[in-house]
Amino acid sequence: MPGIDYSELIPNNVNLSSDRRLQRALEKWQPAYLDWWNDMGPEGWQAKDVYLRTAVSTEPGGWAVFDYVKMPDYRWGIFLADAEKDRTIGFGDHMGEPVWQEVPGEYRNILRRIIVTQADTEPASVEQQRYLGATAPSLYDLRNLFQVNVEEGRHLWAMVYLLHGYFGRDGREEAEELLARRAGDEDKPRILDAFNQDCPDWLTFFCFTTFTDRDGKYQLASLAESGFDPLSRTCRFMLTEEAHHLFVGQTGVERILLRTIELMKQDPNEDVTNLGGIPFDTIQRYVNYWFSYSLDLFGSEVSSNAADFFGAGIKGRYKEDKYEEHTALDQIKIIQMLQDGKLTAEEIPLRNAMNEVLRDEYVVDCEKVVEKWNKALAKAGTELRIELPSSRFHRRQGIYAGSHFDPKGNLITEEQFEAKRTEWLPTREEREYVASLMKPVYEPGKMANWIAAPRKGINGQATEYEYVRV
Ligand SMILES: [Fe+2]
Ligand SMILES: [Fe+2]
């Protein structure tokens, strides 16, 4: 396994210099990427020193170094996990055949579509989060935001490498388009809905990194199973970086919850908003909103595309190895379908239900996160608990879109839903209230009033460490 070559213009562990054409194409894309980063990356922070980690190896453990870096100088590059010797395709119609090192002609279009859709989410989230630095609750959080941002940028590099390296001219055109679309833009929006939403405050950021980055984890994990080996290896290394994004989200929400409880205890008769905290119910409503938006990203419950992707050996299940059978033929999954205005259990051929299989894994993971929050709440001496809504609640994609469900998943009428909307989803007033709390705290070790301090710092540093030189 060659280490990462940092002497090159584009750091890489794919021996890029041996492929002149590809190297030239990527070196042409690089300045366009940097222009995009300077235009659409963290606004107002490009010249500051940030304590960032950079990948130096793809070995698990000790793969990163930490140092002060100005973000435009971050060494974005192309890092693939080690090739597995004699790897074979682990599922679908090509089960047992050697993995592909080139794109099979018959799957070229669907592979490109999958890669472009994943790639598009990476710059999108950087765009969504570009103003958050102006209101960071601490230097610790500011640094975490920027770490997430530069790594999403690197994930874009990971996908663009595949497009340039394996899809010829179409791939190069797609790579340009990835720098042309903009999150939330009316004319040229990003591909997926959740990536066109605003991220105006840090509660949103922490919910986004908990729930939407976690969708990313499951998409990447299912593509890490892919028979197209370069895609598999790329995704495997991306997952290493992704873990930190999920940590930032989960601990961020937890710290807000703990601070809210602390304020409630300080002055039990006072409304938390009068103490400058975020009300518990508001946090629950943000959770409802971002969980439901993130569920949409898995695609429709019943999907012939999903069946094709699985059959082709392109997109597997989460940890395909743990299943005993890998063709998914002659098997079914029970899904609650809507029939004549009623929920009815129906048997769906398993391959067509693959989106739902992956979504189920995701929901279990989200439940674990909520369990951890609730443990922290119990330890803080409160009976309040966060609840994950049903995966039918507030959906805009798939078979439940267009119908209405309460957070328990019961089918209700539109009138019933609208009557409860402000109880279940964030209102404009509370979004404005949360926004009004967003005032920057740039003194090392200090926290904004609405969030508790983290348990420990980054890379063994103290929480008082100067994570960003303001
Ligand atoms: Fe990412
Ligand atoms: Fe991420």
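Computed from phi, the 3J(HN,Hα) profile of the range 257-269 under the Karplus parametrisation 6.51, -1.76, 1.60 (θ = phi - 60°) reads 4, 5, 5, 4, 5, 4, 5, 4, 6, 4, 9, x, 8 Hz, with x in place of Gly and Pro.
Scoring 362-372, 250-260 by mean Cβ neighbours within 10 Å over their residues and listing the highest first yields 250-260, 362-372. With a ≥ b ≥ c taken as the square roots of the eigenvalues of the C-alpha gyration tensor of the range 151-231, please select rounded if a/c is under 1.5 and otherwise prolate if a/b is larger than b/c or oblate if it is not? Here the range 151-231 falls in the oblate category.
The protection proxy used here, the mean number of other Cβ atoms lying within 10 Å of each residue, ranks peptides 343-354, 236-247 as follows, highest first: 236-247, 343-354.
A straight chain from Lys379 to Val56 at 0.36 nm per residue would run longer than the Cα-Cα distance by 112.4 nm.
All alpha carbon pair distances within the chain were sorted into 20 Å bins beginning at 0; the resulting P(r) in whole percents reads 23, 56, 20, 0. Look at the alpha carbon pairs under 8 Å that are at least 6 residues apart: their mean separation over the length of the range 16-469 gives a relative contact order of 20 percent.
Since only Phe417, Tyr293, Gly249 are under comparison, the one whose Cα sits farthest along the positive direction of the charge dipole of the chain, derived from C-beta charges on Lys, Arg, Asp and Glu, is Gly249. Shape of the range 141-283 from its Cα gyration tensor (a ≥ b ≥ c, root eigenvalues): rounded if a/c is under 1.5, otherwise prolate when a/b > b/c, or oblate? Note, shape of the range 141-283 comes out prolate.
Karplus-based coupling profile of the range 425-435, in residue order and whole Hz: 10, x, 8, 4, 4, 6, 4, 5, 4, 4, 4, with θ = phi - 60° in 6.51 cos²θ - 1.76 cosθ + 1.60 and x standing for Gly or Pro. Peptide packing: for 319-325, 155-161, 394-400, 27-33, the average count of neighbouring Cβ atoms within 10 Å per residue gives the ranking 155-161, 394-400, 27-33, 319-325, highest mean first. Rounded to the nearest 20 debye, the dipole size of the range 33-88 about its Cα centre is 100 debye, using +1 on the Cβ of Lys and Arg and -1 on the Cβ of Asp and Glu. The amide H of Ile332, built 1.01 Å from its N in the peptide plane, has Leu350 as neighbours under 5 Å, considering only residues 5 or more places off or on other chains. Annotation: extensible slack from Thr327 through Glu347 equals 5.4 nm (criterion: 0.36 nm per residue apart, minus Cα-Cα distance). Using the Cβ-Cβ distance between Glu102 and Gln266 with R0 set to 45 Å, the FRET efficiency works out to roughly 0.10.
Across the range 297-424, the mean sequence separation of Cα contacts (distance under 8 Å, 6 or more residues apart), normalised by length, yields a relative contact order of 23 percent. An ellipsoid equivalent to the range 268-312, defined through the eigenvalues of its Cα gyration tensor, has semi-axes of 43, 7, 6 Å when rounded to whole angstrom and sorted largest first. Applied to the range 30-42, the Karplus parametrisation 6.51 cos²θ - 1.76 cosθ + 1.60 on θ = phi - 60° returns per-residue 3J(HN,Hα) values of 4, x, 5, 4, 5, 4, 4, 4, 5, 6, 10, x, x Hz, with x for Gly and Pro. Taking every C-alpha pair closer than 8 Å and separated by at least 6 residues, the mean separation divided by the residue count of the range 314-367 gives a relative contact order of 32 percent. Full extension of the chain segment joining Glu27 with Val470 gains 156.3 nm, where the gain is 0.36 nm per residue of separation less the Cα-Cα distance. If only the Cβ of Lys and Arg carry +1 and only the Cβ of Asp and Glu carry -1, the dipole of the range 16-469 around its Cα centre is close to 920 debye. So for the chain: antiparallel DSSP bridges make up what percent, rounded to the nearest 5? Of the beta bridges lying entirely in the chain, close to 90 percent run antiparallel.
FYI, it's all coordinate maths here, none of it is from the lab. These numbers come from a predicted model, not from an experiment. Ideal geometry is used to build each Cβ from the backbone, glycine not excepted, and the neighbour counts take in all protein chains shown.
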